[in-house]
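Only one structure is covered here, and it is reproduced in the block below.
The values are calculated or read from the model by the stated rules, or taken from the named source; none is laboratory data. Because the structure is a prediction, the values reported are computed rather than measured. Cβ atoms come from the backbone with ideal geometry, glycine included; neighbour counts cover every protein chain shown.
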Amino acid sequence: MSASKELMLADSDIGKKVYEIEQEIVLVVKTQVIAKDDDEAFNKWLDCNDTRNVELYDVKDNMTDVVNSYFKEYSQLKGTTLIGTIQREDEDEEDSLLEVAW
């Protein structure tokens, strides 16, 4: 695990800690398909290239025989983990770059 290079570190951050918060997101999409049997239904769904945007996700939906019927996003926080402390790369040099050290 490492700190993002996009963190904006400033001298006032020296000694502060960096934490990572993990969130797990599960997306459930249900699609109804008109077909003569399971195989045809799966193949129609698989071959469907038409989509509809639902909550920023593209779901299969041709508005005739392949139709999105349910969309739900579940989220769970997995925890907070300390990943390091902000310090200078060279503690003896005042102009040294800041880094997140383990």
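A few points about this structure:
- Meets criteria (of a type in the set (S, T, N, Q) and surrounded by fewer than 10 Cβ atoms within 10 Å (Cβ to Cβ)) for Thr31: no
- Residue among Val33, Val67, Val28 that alone is more than 30 Å from Glu94 (Cα to Cα), modelled with pLDDT of 95 or more and in contact with a helix residue (DSSP H, G or I) (Cβ under 6 Å, 6 or more places away or on another chain): Val33
- Selection from the stretch 54-70 of residues that are part of a strand (DSSP E or B) and farther than 18 Å from Ile25 by Cα: Lys60, Val66, Val67, Asn68, Ser69
- Leading residue by the ranking (surrounded by the fewest Cβ atoms within 10 Å (Cβ to Cβ)) among those in the stretch 55-93 that are hydrophobic (A, V, I, L, M, F, W, C) and over 30 Å from Ser4 (Cα atoms): Met63
- Which numbered condition Asp13 fails, given (1) at negative phi; (2) surrounded by fewer than 10 Cβ atoms within 10 Å (Cβ to Cβ); (3) not hydrophobic (A, V, I, L, M, F, W, C): (2)
- Selection of the stretch 36-53 for residues being exposed (fewer than 15 other Cβ atoms within 10 Å of the Cβ) and either touching a residue at least 60 places away in the same chain (Cβ under 8 Å) or of a type in the set (A, V, I, L, M) (or both) yields only Leu46.
- Annotation note: Cβ proximity below 9 Å between a residue of the stretch 1-28 that is within 10 Å of Thr85 (Cα to Cα) and a residue that is part of a strand (DSSP E or B) and basic (Lys, Arg) (sequence gap 6+ or interchain) occurs for Ile14/Arg88.
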